[in-house]
Amino acid sequence: MDGNGRWAHARGKPRAEGHAQGAHSVDVVVEECCRLGIGQLTLYCLSIENWKRPKDELDFLMALLKEYLLKEREKILRQNIRFTVIGRRQGLPDDVLNEIDESMRLSAANTGLTLCLAINYGSRTEILDAVFNIAAGVADGVLSPADIDEELISIIFTRGACRTRTC
């Protein structure tokens, strides 16, 4: 969904209209992925760096995300889509977090397309969080440096904090 503001600017439209068009594009892409039988779709919605944008634009983006979650929830359930999110929860408004959690809860048993939104996400931040969790596990004495391997890192990236070898 990157480039919505540039899309709007190139057409002489407000940035908000570009973001709304981006949300519509999500719907089209998700429909096509379902039709094609694609198993996993991750969409980069909001980068951590996006918090530098003007407050009114961020407020609009949060309202748009909440509206999308409410409006599309029935379709997500009807199409057997499992909804997930990656990224930091910190900084997201409580009402948006509530709708994210509800969509994830209601769709958790679905077996079709897994739709993952990367919200408040940055790859460097994900790596930093993983390293912090590993270091905390070692400092707490529940992990030893010898426990750190590719499998542990994979578990941390998929489940979040892990301070034991078995997670």
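Points worth noting:
- If you filter region 104-133 down to residues that are assigned to a helix (DSSP H, G or I) and at pLDDT 95 or above, you find that the one that is most open to solvent (accessible area, probe 1.4 Å) is 105.
- Test for residue 77: is it closer than 30 Å to residue 36 by Cα and touching a Cys at 6+ places or on another chain (Cβ under 6 Å): no
- Within region 10-19, being open to solvent by 60 Å² or more (accessible area, probe 1.4 Å) and at pLDDT below 80 holds for 14, 15, 17.
- Qualifying residue in region 65-77 (condition: of a type in the set (A, V, I, L, M, F, W, C), buried (at least 16 other Cβ atoms within 10 Å of the Cβ) and either over 28 Å from residue 5 (Cβ atoms) or modelled with pLDDT under 95 (or both)): yes
- Selection status of residue 22, modelled with pLDDT of 75 or more, part of a loop (DSSP other than H, G, I, E, B) and open to solvent by less than 80 Å² (accessible area, probe 1.4 Å): no
- Residue within region 79-93 that is part of a helix (DSSP H, G or I) and surrounded by 17 or more Cβ atoms within 10 Å (Cβ to Cβ) present: no
- Matching entry among 101, 56 (being open to solvent by 70 Å² or more (accessible area, probe 1.4 Å) and either part of a strand (DSSP E or B) or free of Cβ contacts under 8 Å to residues at least 12 places away in the same chain (or both)): 56
- Residue, nearest to residue 114 (Cα to Cα), within region 1-19, restricted to residues that are touching a residue at least 40 places away in the same chain (Cβ under 8 Å) and touching a helix residue (DSSP H, G or I) at 6+ places or on another chain (Cβ under 7 Å): 1
- Residue within region 25-44 that is among the hydroxyl-bearing types (Ser, Thr, Tyr), surrounded by 15 or more Cβ atoms within 10 Å (Cβ to Cβ) and under 22 Å from residue 101 (Cα atoms) present: yes
- Boolean, residue 86 is modelled with pLDDT of 95 or more and in contact with a strand residue (DSSP E or B) (Cβ under 6 Å, 6 or more places away or on another chain): no
The values are calculated or read from the model by the stated rules, or taken from the named source; none is laboratory data. Predicted model, so just to flag it, every value in this text is computed and none were measured. All Cβ positions, even for glycine, are placed from backbone atoms using ideal geometry, and neighbour counts span all protein chains on display. We work out accessible area using only protein heavy atoms, side chains counted, and drop any ligands, DNA or RNA first. Shrake-Rupley method; radii C 1.70, N 1.55, O 1.52, S 1.80 Å.
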